[in-house]
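Inspection log for the structure reproduced underneath, given as structure tokens.
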Amino acid sequence: MQMLLFNMVVLILVTPILLLIYANKEPLIQYTSQDVFNGINFFIGLFILISFLLFVTTMLTYVERRLVARMQNRIGPNRVGPFGVLQGFADLIKLITKEDLIPTLANRNIFSLAPILIMSPVLLMFAVIPILPGFTIADLDIGIFYVVAITSLGSLGVFAAGWASNSKYSLYGAVRGVAQLVSYEVPLVLSICTIVLLSGSLNLIEIAEAQEIPFILVQPVAFLIILFSVAAELNRTPFDINEADSEIVAGFHTEYSGTKFALIYGTEYLAAFGWSLVIAILFFGHLGPGIGGFLMLMAKTSIILFLFFWFRGTWPRVRIDQILAIAWKIMFPLATINIIITAGEILFVQSIFNINPGNALGLQPLAIITIINIILFAGLLVILSFVKGLGQFDKGPKRYVPDIEGVN
């Protein structure tokens, strides 16, 4: 069954690539000026890319466990390999060699297909993510729109996994997970639209080139909204209620084991790496050329990954009603107000500097918008500090505790 699952993964991933190659009659990879990958067969390059992503995914499990252990005054994995660096590979081998169990009353076909539906969109999102200037598998003009659209398909796999398991625990976890994904998709898209307005493009390379000032300074509110929305979509703490052990066992993948569970578990880290790359490109400035530019991009990506790991090691979980309330009562209004303000600022600087609509803003217009938004962001923090009870996690009614002192 595991070999059949592997063959299905290869077939699903390779077939659309072969069709694209036949339709275009030209290589899909655009090489850099240094011609680092010049002459390498496309399929060899694809194999290297997927192998690199699998290696990164395996290592991220180790890095997170070590970092969270240090944050919580523990040691973490330190037995397999030097400093425990091979622990992730040992876990992977253990999962692959475990027995592949399927519940008796489960829908066997959908149950086996669901992990592929969960992982495939995450792998496909890397097709438009530029690693270096001009180096990407598919340089789409709607790159960021493609990323949002393709990753949203993962909710179908989540619900399919919960429904096909024929388990109430899995189904409850799937329903909660889908509701969470849909809720945070709205503020995520609205905040990405502010970046599109500032850059005048949906292409990720053009967005990076338009950052005369890093957009994290121009749009601090959008950065925070996207960061927390992505954390919710990735089922990261504090939004991982559908996997809370005390709530509903292990969420939608309660009944999965072996290779299928490895695919689902690895997808979370692979998606975290992919979205960290996207956030680094959207907010942290230009893409540098050569090996230095690649290492700089990885350093920026590591900052975002560290924030995700930091959240898990320090923040408690919140209830499902609080998760949805944060999305619709806080994130959505902030994202809506932010995009309206940003549109007004862009119209203002375009009228002053005679910039045609759709063109990227220069240094001086971005500097003006940055100053305005930093002042507004500071004012927002001051206002939120005076909101009574905003930091309370439990706003339920107080329990009545009878006084039993003196009672025999």
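The values are calculated or read from the model by the stated rules, or taken from the named source; none is laboratory data. Computed from a prediction, not measured in an experiment: that's the story for all the values here. Cβ: placed from backbone, ideal geometry, glycine included. Neighbour counts: every protein chain shown.
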| said: Quick check on the stretch 300-317. Is at least one of its residues buried (at least 17 other Cβ atoms within 10 Å of the Cβ) and either over 20 Å from the mean Cα position of the chain (by Cα) or outside any helix (DSSP H, G or I) (or both)? | reply: yes
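Just for the stretch 238-252: of the residues that are assigned to a loop (DSSP other than H, G, I, E, B) and modelled with pLDDT under 80, which one is surrounded by the most Cβ atoms within 10 Å (Cβ to Cβ)? First the steps, then the outcome.
Filtering the stretch 238-252 down to residues assigned to a loop (DSSP other than H, G, I, E, B) leaves 238-240, 244, 249-250.
Applying the additional criterion that residues be modelled with pLDDT under 80 yields 240, 244, 249-250.
Numbers: ASP240: 21, ALA244: 17, VAL249: 16, ALA250: 17.
Of everything passing the filter in the stretch 238-252, ASP240 is surrounded by the most Cβ atoms within 10 Å (Cβ to Cβ).
Any idea which of LEU361, LEU384 is modelled with pLDDT under 90, in a helix (DSSP H, G or I) and of a type outside the set (Ser, Thr, Tyr)?
Values: LEU361 fails: in a helix (DSSP H, G or I).
When all the criteria are applied, what remains is LEU384.
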| Flag for PRO77 being within 26 Å of GLU64 (Cα to Cα), over 24 Å from the mean Cα position of the chain (by Cα) and crowded, with 19+ Cβ neighbours inside 10 Å | yes
| request: Quick one: ALA272 ticks every box in (1) over 12 Å from the mean Cα position of the chain (by Cα); (2) among the hydrophobic types (A, V, I, L, M, F, W, C); (3) farther than 18 Å from ILE205 by Cβ except a single one, so which number is it? | output: (1)
| message | Could you list, ordered by first residue, the pairs with Cβ atoms under 6 Å in which the first is in the stretch 171-182 and within 14 Å of ARG319 (Cα to Cα) and the second is aromatic (Phe, Trp, Tyr), at least 6 apart or interchain? | response | GLY173/PHE252; GLY177/PHE252
| request: List the helices (runs of 4 or more DSSP H) that sit entirely inside the stretch 126-225 and contain at least 2 residues that are under 18 Å from the mean Cα position of the chain (by Cα) and more than 24 Å from LEU295 (Cα to Cα). | output: 143-152, 154-164, 168-199
| task | Search the stretch 322-341 for residues that are touching a residue at least 60 places away in the same chain (Cβ under 8 Å) and pair each with any residue that is crowded, with 21+ Cβ neighbours inside 10 Å and outside any helix (DSSP H, G or I) when their beta-carbon atoms are under 6 Å apart and the residues are at least 6 apart or on different chains. | result | ILE323/PHE239
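Among the candidates LEU384, LEU347, single out the residue that is under 27 Å from LYS329 (Cβ atoms) and without any contact (Cβ under 8 Å) to a residue 24 or more places away in the chain. It would help to see each step written out before you state the result.
Working: LEU347 fails: under 27 Å from LYS329 (Cβ atoms).
Testing whether each residue is under 27 Å from LYS329 (Cβ atoms) and without any contact (Cβ under 8 Å) to a residue 24 or more places away in the chain leaves just LEU384.
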| query | Any chance the stretch 117-128 includes a residue that's at pLDDT below 85, over 21 Å from ALA299 (Cα atoms) and among the aliphatic types (A, V, I, L, M)? | reply | no
| said: Just checking, does the stretch 89-106 include any residue being more than 15 Å from PHE261 (Cα to Cα), loosely packed, with under 13 Cβ neighbours inside 10 Å and of a type outside the set (Val, Ile, Thr)? | reply: yes
| note | Of the residues in the stretch 270-294, those that are modelled with pLDDT of 90 or more and under 21 Å from LEU60 (Cα atoms) number 12
| Qualifying positions in the stretch 152-188 - surrounded by 19 or more Cβ atoms within 10 Å (Cβ to Cβ), under 23 Å from LEU227 (Cα atoms) and either among the hydrophobic types (A, V, I, L, M, F, W, C) or touching a strand residue (DSSP E or B) at 6+ places or on another chain (Cβ under 8 Å) (or both) | VAL158, ALA174, LEU181, LEU188
| remark: Result of the Cβ filter at 6 Å on the stretch 268-291, keeping first residues that are farther than 15 Å from ALA231 by Cβ and partners that are outside any helix (DSSP H, G or I) and of a type in the set (S, T, N, Q), at least 6 apart or interchain, is GLY285/GLN211
